[in-house]
Structures are given as C-alpha cells and as structure tokens.
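The values are calculated or read from the model by the stated rules, or taken from the named source; none is laboratory data. From a predicted model like this one, the values you see are computed outputs, not experimental measurements. Here Cβ is always computed from backbone atoms with ideal geometry, including for glycine, and neighbour counts include all displayed protein chains. For the accessible areas, the whole protein counts, side chains as well, though only heavy atoms, and no ligand, DNA or RNA atoms are used. Shrake-Rupley method; radii C 1.70, N 1.55, O 1.52, S 1.80 Å.
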Amino acid sequence: MLFIGICGASGSGKTTLAKELVRDMGASSVVLNQDAYYFDHPDMPFEERCHLNYDEPGIFDHDLLYQDAMTLLSGKPITRKAYDYADHRRCDTGETVFPADVLIVEGIHAFYDKRLCNEMFLKLYINVEPDICLLRRISRDIKERGRAIDNISAQYLSTVKPMYDQYIRNYIHDADVVVMRGGRNARIVSILAGYLQQQLTQPRD
C-alpha cells in the first residue's frame, strides 16, 4: 500500500486533488479526510461549539487518525469517521473501510503529526493564493455546509487566516512535491498518477 499525504490551506483543493489522483491512478484507494477526525464535544452547548477554533491543530484527534491509518497499512479494516458541519458534532457512520492499494490522508494539518508524516511515502502540499482559497471556501461553505456569509467571514478573520499564518503555510517545508494552482492542475495530476502507478507495480520491501 502506498501512503500519500495531502496538505494545504482551507479551500486550496486538497479533496479535489485526492479524487483526481484516485481517478487517474485507476487503483483501489482509501481517502481519509482529517475533517472527519475533529474531537467531539457532546456535552458542550451548540453556541459554544460554534465558537471553537476549528483551524488549530489541537481541535483534531491526531491519535485516532494515526491509529486508523496504521490499522489500514497493516492490512486490517477500520470504521468510517464522519463529521456534521452544521451541528459541529461527530457523526461516524459505522461503515467498514477495507485496506486498498493506495491510502490518502488529506487535511489542513495532515503534516502536523510527525508520526503520521514519517509513514507517508509521498507528501504533497497545495500552494494556492489565500484570496483564491477564501473565495473557494465561501462557495463551498454556503453550498455544502449551510453556512451564512457573515459566519464565514468572521471565522476566516478570527481563526482561519491566523492559523494559516502560524501553522499551515509552514507545512510546505515538509512536502516532497508542491502542487501549484490547486487540485485540478491536470498536468501535475497526470505526472503524479503515472509515478504512483509505476511505484505500485514495483516490488516493495
């Protein structure tokens, strides 16, 4: 199994790049979205959950994500984790996820846990201008997550941009490959998919 990490700012195209790579490789794959591994806060009132910093590294259950990735890499299945963005609660499905030829972990802090980073065969960082990321985030959050523009702008100014400046922009130094212009960069997707297909056919230690 090849283990690939994809990191970058919110709205940079991480999920899109994962989907494009999976399609072009034509291999069986599992994608773990770091967003599904937010810590749950069932006893916290909804209004308080709304004001948590969802862009800081400590908001994620890194131990659980690492455990699930290692379980898949060892050839054993896991259960699918999920998150309800409207209610700010975990909503795990119980779906069984089986190991595949390729494992992809994508998220804004995908490179934060060095235990996970050290297991990755290839680390990709998507480098997109922050203003473009913001426009993509606005469109996504309104269409897919039921957010209002005032909420999106307030969150961007209070947590998204500060956490990008403090943490996320620096993950570029951990990357093996920097992907420009987002996840729909067809040329780089084709190059990466060809390289990964070659690696899949080679005997591994």
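Quick notes
- Average Cα contact separation per residue, the stretch 72-163, under 8 Å, 6 or more apart, as relative contact order %: 19
- Taking 0.36 nm per residue of separation and subtracting the current Cα-Cα distance, fully stretching the chain between Tyr85 and Glu47 would add 12.3 nm.
- Bridgeable lysines around Lys114 (alpha carbons under 26 Å apart, same-chain partners fewer than 8 residues away excluded): Lys14, Lys19, Lys76, Lys81, Lys123, Lys161.
- Subtracting the Cα-Cα distance of Gln67 and Ile142 from 0.36 nm times their residue separation leaves 23.8 nm of extension gain.
- Take His173: with every protein chain present and a 1.4 Å probe, its accessible area is about 150 Å².
- The helix-based estimate of mean residue ellipticity at 222 nm for the chain, built from -39,500 (n - 2.57) per DSSP H run of four or more residues and divided by its residue count, is -11500 deg cm²/dmol to the nearest 500.
- Here the contact order of the stretch 1-152, divided by its residue count and restricted to Cα pairs under 8 Å and six or more residues apart, works out to 43 percent.
- Relative to the longest principal axis of the Cα atoms of the chain, helix 62-73 runs at roughly 20 degrees.
- ³J(HN,Hα), Karplus 6.51/-1.76/1.60, whole Hz, each residue of the stretch 186-191, x for Gly, Pro: 4, 5, 5, 4, 5, 5
- Whole-Hz ³J(HN,Hα) from phi, Karplus 6.51 cos²θ - 1.76 cosθ + 1.60, for the stretch 115-123, glycine and proline x: 4, 5, 4, 5, 8, 6, 6, 9, 10
- Loop-resident chymotrypsin sites (Phe, Trp or Tyr not before Pro) (DSSP state other than H, G, I, E or B) in the stretch 21-124 with no more than 14 further Cβ atoms inside 10 Å of their Cβ: Phe39.
- Theoretical FRET efficiency, 1/(1+(r/R0)^6), r = Cβ-Cβ of Gln198 and Asp40, R0 25 Å, to 0.05: 0.05
- The chain: angle of helix 130-145 to the longest principal axis, Cα-based, in degrees nearest 10: 80
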